[in-house]
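The values are calculated or read from the model by the stated rules, or taken from the named source; none is laboratory data. Everything numeric here is computed off the predicted structure, so don't read it as measured data. Don't worry about glycine lacking a Cβ; one is built from the backbone with ideal geometry, like all the others, and counts go over all protein chains shown.
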Amino acid sequence: MRIAALATALAVAVPLPAAANDFEPVPDRDRFLSLVEGRELRLGMFGVRLYVEGDGSIRGEAVGDPVTGSWSWQDGYFCREMNWSGRAIPYNCQLVEAAATGKVRFTVDRGAGQSAEFTLR
């Protein structure tokens, strides 16, 4: 159960209505880093706390276990692969959108899949 819940969260699969759109696309790597670097991305429902660093690394924890990974910005998308306590979270490129409310939304499969909203702290 714990694995399934976290895999869902880390794969960014928390369905959200498409109409909820106070979000604007993040157009490039520099804008993305200006939003997230040095800040915690939190998805409280699953106890996910992540840090996305300018050197291409991802670190954090989920349900008390470590999360590590790497990322790059490719063709307007955040592309990442992660590991959660020995379990691979497969490579995926995601559309990133930001809201003035301090939230960042990631949508899998280059914006064609499901989304999750993280709070910036």
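At-a-glance table
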{"quantity": "Entirely in segment 25-86, the strands (runs of 3 or more DSSP E) that have 3 or more residues that are modelled with pLDDT of 95 or more, of a type in the set (F, W, Y) and under 15 Å from F106 (Cα atoms)", "calculated": "none"}
{"quantity": "Filtered residue count, segment 97-121, keeping only those that are assigned to a strand (DSSP E or B) and under 17 Å from R49 (Cα atoms)", "calculated": "10"}
{"quantity": "Close pairs (7 angstrom Cβ cut-off, 6 or more residues apart or separate chains): hydroxyl-bearing (S, T, Y) in segment 47-75, part of a loop (DSSP other than H, G, I, E, B) anywhere", "calculated": "Y51/E40; S70/G56; S72/G56"}
{"quantity": "Residue under evaluation V12, criteria (1) at pLDDT 95 or above; (2) at positive phi; (3) in a loop (DSSP other than H, G, I, E, B), criterion not met", "calculated": "(1)"}
{"quantity": "Residue within segment 72-93 that is more than 20 Å from M45 (Cβ to Cβ) and of a type in the set (A, V, I, L, M) present", "calculated": "yes"}
{"quantity": "All positions within segment 109-120 that are farther than 16 Å from W73 by Cβ and either in contact (Cβ under 8 Å) with a residue 24 or more places away in the chain or under 11 Å from the mean Cα position of the chain (by Cα) (or both)", "calculated": "G113, Q114, S115, A116, E117, F118, T119, L120"}
